Amino acid sequence: MKDAVAMITKWWEWYNSPFPDPSSPHTACNYLNYDTLEDPNEEFYKVHTPHLLHGFDKRGNPIYWEKTGLITHQMKPIKHTVGMDKMLIRHLRIQTFLELRLKYSEEQRGHSVDKFVVVFDFSHIKKIPDLYGVKFFKRVLQMDQDYYPERLASIIVINAPSFFASIYRLISPYIDPVTALKIKVLDHNYHETLQDLMDLSEIPPEYGGQAEDREWCWPYAESSGVSPAQLQAVVQAQAESVWRDTGEGDDSKGETNEGKEDVQIEGAVQEAEEAVATVDDSVVTDKELTDTGAEQEEISEATGVREEVFGVEKSAQDESPSDDDGIDGDVVKSF
C-alpha cells in the first residue's frame, strides 16, 4: 500500500510540474490545449521522425508504428534543429495521444482498454549508436518507466539486423525487467507475429497488411481517435470542464484546490490497487536472438558510447560477443 501511494504521489507531482524543466510552460496535465493542437515543429518531424498512429490489435490496444532505423540517421539535424527538450516534449505529445486513443478504443468497443502496442522498424539502423540518440533513449526510457507504468502491452522490433545484438547489449541493462519481458525482436520474418496480434486491416501495406495507405506523419486519420477535429473536441471539453469546476459566481463550489487534489490522488491510489489486484500472470518463455556479430572495432566504439553515457566500467573485450554469444529476450506468450 505504501509503495502504491508513493508511486501515485510521485506521478502526481510530475504530472502537474513544468516539463521538461522548471522554466517550461508545459506540464503533462495541461500539455494539450488550443496552442498545442499542432506542433510548431511538425514539418521537421514529418521529415526526420516518421511515425504512424494507426490501428488497434485484436484486444483493442492502439498501435504506434515508428521507422526507428531511419530516425537513427537523423540525430545530427535533430540535435541542432530542435534539441533534447523539444524532443522530450514531442514524446510527451505522443504519449498524450496514446492515452486519448485508449479512451477512444474503450468507447468503440465498450470494454476497458489500458495498454498499447509499439512496433519499431529497424530497417537501415546505424551500426554504431549515436551518442545523442543514446542519451535521448535513456531520458525517454526513464520517463516511461516512472510515469507510464503498465501501459505497455508489447514492443515488436521488426527487420532487426544481425548486429542488433551488440546494440541491445548496450541498452539492455537500463530496461526495466518487466518491460524487457514484453519485447520481441524479429528479423524480416515478422509477418506471422504481426498477424497473430492484429488483423490485416490494421497493418500498413508495406508490412504485408491491408490497411489504407497513409502518410507517416500528422495529421492523423479519424480512425486513429486523434484527428485534428477529435483533438479540438477534447480541448473544448477540457475547457468546459475547467469552467464548470471554477463555479463562477457559485458559492456552493467552495472546495479548495488542495482538497480536490487529495480526492484525485485518493481515486488514483484506488485505481492502482485495483490494477495490482488484476495483474495478468502471463506465462513466459525464452527467446534467443543469435548475434552474428558486428566487427570488433564497432563493438569497441559502442562500448565507448556506453561508458560515456552511463559510466559503465567494462572493457571492450568484456563487451565483445563470442561466436556463441546471443541475446536473451523473453517473450510474453499473450502476444
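Every number in this text was worked out from the coordinates using simple rules, so none of it is lab data. No experiment lies behind these values; they were computed from the predicted model shown. No Cβ is skipped: glycine too gets one built from the backbone with ideal geometry, and neighbour counts run over all protein chains shown.
Here the label points at residue 145 and residue 213, each 7 Å from Cα along the C-beta direction, are separated by 4.1 nm in the simple model. Extension gain for residue 9-residue 242 works out to 81.6 nm (0.36 nm per residue, less the C-alpha to C-alpha distance). From most to least packed by mean Cβ count within 10 Å, the peptides 172-181, 66-75, 213-222 give 66-75, 213-222, 172-181. Measure up 10/67; 58/79; 10/115; 86/182; 67/182 against 30 Å on the Cα-Cα distance and list the ones that go over. Where the Cα-Cα span goes over 30 Å, the pairs concerned are 10/67; 58/79.
If you sort the three axes of the alpha carbon gyration tensor as a ≥ b ≥ c, you get a/c of 1.5 or more for the stretch 1-85 and a/b no higher than b/c, which makes it oblate.
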